[in-house]
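Working notes for the structure below.
Bear in mind these aren't lab numbers, they're just calculated from the coordinates by the rules spelled out. Remember, predicted model here, so these are calculated numbers, not experimental data. Every residue, glycine as well, gets a Cβ built from its backbone with ideal geometry; the counts of neighbours run over all protein chains shown.
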Amino acid sequence: MSEPAPPARSKKLDRPPAERLYGRRRGHALRPRQLRLLAETLPRLAFRLDQAAEPASAFAVPVREVWLEVGAGAGEHAQAIAAANPEIGLIAAEVFENGICSLLARLVPEGAEAQAPLPPNLRLWPADARTLIAALPEASLTRLFVLFPDPWPKARHARRRFVHPATLGALARVLAPGAEWRLASDDPTYQAWVEETLRSQPWFALDSVVETRPEGWPPTRYEAKALREGRRPLYWTLRRRAVPV
């Protein structure tokens, strides 16, 4: 008996990604405390583009590896990862100002926005993560997190999904051989999109895909919301191949 033919490749995968992947940069109007955080705290924690050539030098302490989180949201995961791995430098990329403020508000007490100590191994990139990825050196990252990205569930918005065939090559360039990519989504459309995207690429091997958050993955508020509303997240662990296949 002949094997069944593989499913037809979606034509949406062949469309180039959109110029802008994210939606709003700001939700409700920012309160005075949030404005101070952006003006006084964020510049002290921001990763600058001129630091991209030597990303490990951007941190206030020596780090043995640099990790990147794309779409850090309100920063619960980034904060937990940085605290649990003091020898690692983490860059958390997020464009939504309200989410950035949520993280900064947990890091510094009110009234000390300009001088309170900050995590020495955490830096924020408050702009499109693809700009940073393009500027980083080859094989400069050893772990990547893309957790519960905006699913853009409508077909006409597929080009705005971060996981995209045109993005994978750029990610493979900056991830060192053997680097780990952790990816999660609760949206069925995005889950199917991920499966199809990964099926036809040469750079990443699938270590596992499971329905329960693996040990060592800090939770996020987006995961909690998905579980409350009855959605079933999937968690992928991918490994950068030393040699593409």
| query | Taking 0.36 nm per residue of separation and subtracting the Cα-Cα distance, what length does fully extending Leu35 through Glu65 add? | reply | 7.6 nm
| remark: Rounded to one decimal in nm, the spacing of the 7 Å Cα→Cβ label points at Leu206 and Ala112 is 4.7 nm
| request: Mind putting a number on the dipole of the chain about its Cα centre? Charges go on the C-beta only, +1 for Lys and Arg and -1 for Asp and Glu, and I need it in Debye to the nearest 20. | output: 800 debye
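Could you work out the equivalent-ellipsoid semi-axes for the range 106-227, taking the square root of 5 times each eigenvalue of the Cα gyration tensor, largest first, in whole Å?
Details: eigenvalues 147, 79, 50 Å².
For the range 106-227, the semi-axes come out at 27, 20, 16 Å.
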| query | What number comes out for the charge environment of Asp207, summing +1 per Lys or Arg and -1 per Asp or Glu over other residues with Cβ under 9 Å away? | reply | 0
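What FRET efficiency comes out for Lys225 versus Ala170 if R0 is 41 angstrom and r is the Cβ-Cβ distance? Round to the nearest 0.05. Let's see the in-between values first.
Details: r = 29 Å, r/R0 = 0.72.
My answer for the efficiency is 0.90.
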| note | Of the candidate values (1) 145; (2) 158; (3) 135, the one computed for volume of the Cα convex hull per residue in Å³ from this structure is (1)
| query | Over the range 164-207, with a single point scatterer placed on each C-alpha, what log10 of the ratio I(q)/I(0) does the Debye formula yield at q = 0.17, 0.31, 0.32, 0.33 1/Å? | reply | -0.49, -1.31, -1.33, -1.35
| Dipole of the range 47-240, positive end: most advanced residue of Pro153, Ile81, Ala184 [Cβ charges, Cα centre] | Pro153
| task | State, to one decimal in nm, how far the label point of Glu196 lies from the label point of Ala134, with both points 7 Å from Cα in the Cβ direction. | result | 2.6 nm
| Residues His164, His77 arranged by fewest to most Cβ contacts within 10 Å | His164, His77
